[in-house]
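S.K.: Okay, here's the structure, questions in a sec.
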Amino acid sequence: MLIALLPGDGIGPEVIAETVRVLDRVTDQLRFETAPVGGAAYKAEGHPLPPATLDLAKRAKAILFGAVGDPDCDRLERHLRPEQAILGLRKELGLFANLRPATLFKELADASALRPEVAGAIDMVIIRELNGDVYFGEKGMRKTASGRREGYDVMSYDEDEVARIARVGFETARARRGKLCSVDKANVLETSQLWRDVVIEVSAEFPDIELSHMYVDNAAMQLVRNPGQFDVIVTGNLFGDILSDQASMCAGSIGMLPSASLDASQKGLYEPIHGSAPDIAGQGKANPLATILSAAMMLRYSLGLSAEADRIEAAVATALEKGARTPDLGGKLTTTQMGDAVLAAL
Ligand code: GGG
């Protein structure tokens with residue numbers, strides 16, 4: 001099975017390298033092809049998502065993605081910035097459903113930003129819509145009548161976009177504890193009012209699921225106050241981006257959270273939720289576990305290799321149990337040593 005490896009920028013290549021070592025250990029059914037993406041692709045080929053990279057992503061059975069973002073590219077025109085590569089892949093491949101499990105490994109209770117009695121209960125999936133919202137609405141920079149610069153990003157969702165992500169939310173809740181919380185800002189935003197109306201309409205198909213609604217500001221507070229109340233959260237692109245980063249600190253570190261971005265047929269792009277962390281790139285300080293856990297999701301969701309996925313997740317838990325910690329978790333292991341610890345547990 002062909003896997004597209006898109007390591008990207010900053011710490012992306014380091015965490016992907018450890019993940020490939022782990023994948024090679026659990027299965028010989030994968031064939032890897034690597035292509036540049038993000039700032040690395042811009043520097044090599046003049047575009048963050050070159051046609052050959054997109055072609056590889058389309059041909060592959062699944063995509064393993066590192067991270068994009070490069071301070072050297074900050075002043076480029078928006079369509080050439082590294083982040084456009086991941087937005088382009090999501091749009092071109094129809095990857096509309098981003099699943100971000102946030103679970104606190106019991107061994108990491110000390111690393112959570114929360115009090116131990118609160119942190120112990122974290123086991124949720126945040127589902128972030130990926131193809132709409134301010135990310136893809138009309139945007140630009142203009143001058144007001146009085147000559148001031150004004151930036152704008154239009155937030156929009158149509159009802160079909162909301163209904164399809166709502167169904168992913170309900171189905172995910174059905175396979176877990178049966179609770180779905182839809183997060184919006186319906187007291188202020190028109191898009192959120194539509195979001196809430198459509199989620200309620202779709203709920204008629206899922207009478208067995210307990211549905212609740214929460215404003216995003218309250219959700220941010222509840223994630224810290226009582227994260228154990230959440231089973232599945234479904235929300236829009238921008239709110240999901242922010243809330244899942246917040247949830248990652250409850251789960252110990254942003255270096256621990258994997259993600260899957262799926263299309264309607266379970267083809268997927270798998271990546272850690274963290275970015276390229278240019279400040280620590282090349283120093284062996286990055287935690288590869290979020291990428292290794294993303295690879296486990298890839299085996300389970302896109303490749304039908306659930307037993308191998310279970311083995312990887314168990315090995316990560318064992319490595320943590322034995323005290324393996326990168327600096328983000330308060331330890332001293334290098335990226336490669338953390339990869340070694342997972343391999344040893346396999
Ligand atoms: N691995 C995640 C990553 O590279 N994130 C960089 C980024 O800017 N992503 C945009 C987004 O997630 O909305």
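S.K.: Quick one: which of 75, 21 is free of Cβ contacts under 8 Å to residues at least 40 places away in the same chain and more than 12 Å from the ligand (Cβ to nearest atom)?
M.R.: Step by step, each of 75, 21 is checked, and only 75 is free of Cβ contacts under 8 Å to residues at least 40 places away in the same chain and more than 12 Å from the ligand (Cβ to nearest atom).
S.K.: For residue 92, only one of the following conditions fails: (1) away from the ligand (no atom under 14 Å from the Cβ); (2) of a type in the set (Asp, Glu); (3) within 18 Å of residue 39 (Cβ to Cβ). What is its number?
M.R.: So the condition that residue 92 fails would be (3).
S.K.: Being away from the ligand (no atom under 16 Å from the Cβ), of a type in the set (Asp, Glu) and farther than 20 Å from residue 277 by Cβ, is that true of even one residue in segment 43-64?
M.R.: Yes, segment 43-64 contains at least one residue that is away from the ligand (no atom under 16 Å from the Cβ), of a type in the set (Asp, Glu) and farther than 20 Å from residue 277 by Cβ.
S.K.: What's the number of the only condition in (1) within 22 Å of residue 129 (Cβ to Cβ); (2) not in a loop (DSSP other than H, G, I, E, B) that residue 94 fails to meet?
M.R.: (2)
S.K.: Answer yes or no as to whether residue 296 is part of a helix (DSSP H, G or I) and modelled with pLDDT of 95 or more.
M.R.: Considered against the rule, which asks whether it is part of a helix (DSSP H, G or I) and modelled with pLDDT of 95 or more, residue 296 comes out as yes.
S.K.: If I go through segment 40-57 residue by residue, how many of them are surrounded by 21 or more Cβ atoms within 10 Å (Cβ to Cβ) and without any contact (Cβ under 8 Å) to a residue 60 or more places away in the chain?
M.R.: Adding up the residues that qualify gives 6.
S.K.: Kindly provide the set of residues from segment 264-280 that are in a loop (DSSP other than H, G, I, E, B) and crowded, with 19+ Cβ neighbours inside 10 Å, ordered by number.
M.R.: Of everything in segment 264-280, those that are in a loop (DSSP other than H, G, I, E, B) and crowded, with 19+ Cβ neighbours inside 10 Å turn out to be 267, 273, 274, 275, 276, 277.
Conditions (1) closer than 30 Å to residue 329 by Cα; (2) modelled with pLDDT under 95; (3) crowded, with 18+ Cβ neighbours inside 10 Å, marked per residue:
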position	(1), (2), (3)
151	no, no, no
190	no, no, no
204	no, no, no
224	yes, yes, no
233	yes, no, yes
236	yes, no, yes
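S.K.: Looking at residue 88 and the list (1) assigned to a helix (DSSP H, G or I); (2) in contact with a helix residue (DSSP H, G or I) (Cβ under 6 Å, 6 or more places away or on another chain), which single condition is not satisfied?
M.R.: (2)
S.K.: How many residues are part of a helix (DSSP H, G or I) and buried (at least 24 other Cβ atoms within 10 Å of the Cβ) if we restrict to segment 24-39?
M.R.: 1
S.K.: Suppose we filter 273, 280 for residues that are away from the ligand (no atom under 11 Å from the Cβ) and not assigned by TED's automatic domain parsing to the domain that holds residue 226; which single one remains?
M.R.: Only one candidate passes the filter, namely 280.
S.K.: Same structure again: Name the strands (runs of 3 or more DSSP E) wholly within segment 116-217 that hold at least 2 residues that are closer than 28 Å to residue 104 by Cβ?
M.R.: Because the criterion is at least 2 residues that are closer than 28 Å to residue 104 by Cβ, the strands (runs of 3 or more DSSP E) in segment 116-217 that meet it are 123-129, 179-184, 210-215.
S.K.: Same structure again: Among the numbered criteria (1) surrounded by fewer than 23 Cβ atoms within 10 Å (Cβ to Cβ); (2) over 21 Å from residue 10 (Cα atoms); (3) modelled with pLDDT of 95 or more; (4) within 16 Å of the ligand (Cβ to nearest atom), which single criterion is violated by residue 97?
M.R.: Unmet for residue 97, out of (1) surrounded by fewer than 23 Cβ atoms within 10 Å (Cβ to Cβ); (2) over 21 Å from residue 10 (Cα atoms); (3) modelled with pLDDT of 95 or more; (4) within 16 Å of the ligand (Cβ to nearest atom): (1).
S.K.: Please specify each residue of segment 303-346 satisfying the condition of being assigned to a loop (DSSP other than H, G, I, E, B), of a type outside the set (Val, Ile, Thr) and surrounded by fewer than 19 Cβ atoms within 10 Å (Cβ to Cβ).
M.R.: Selection gives 304, 322, 323, 330, 331, 332, 346.
S.K.: Also, I was wondering about something else. Working only within segment 160-188, note down all residues that are farther than 23 Å from residue 220 by Cβ and loosely packed, with under 14 Cβ neighbours inside 10 Å.
M.R.: 160, 175, listed by residue number.
The values are calculated or read from the model by the stated rules, or taken from the named source; none is laboratory data. If you're wondering where the values come from, they're calculated on a predicted model, not measured in any experiment. Note: ideal-geometry Cβ built from the backbone for every residue, glycine included; neighbour counts use all protein chains shown.
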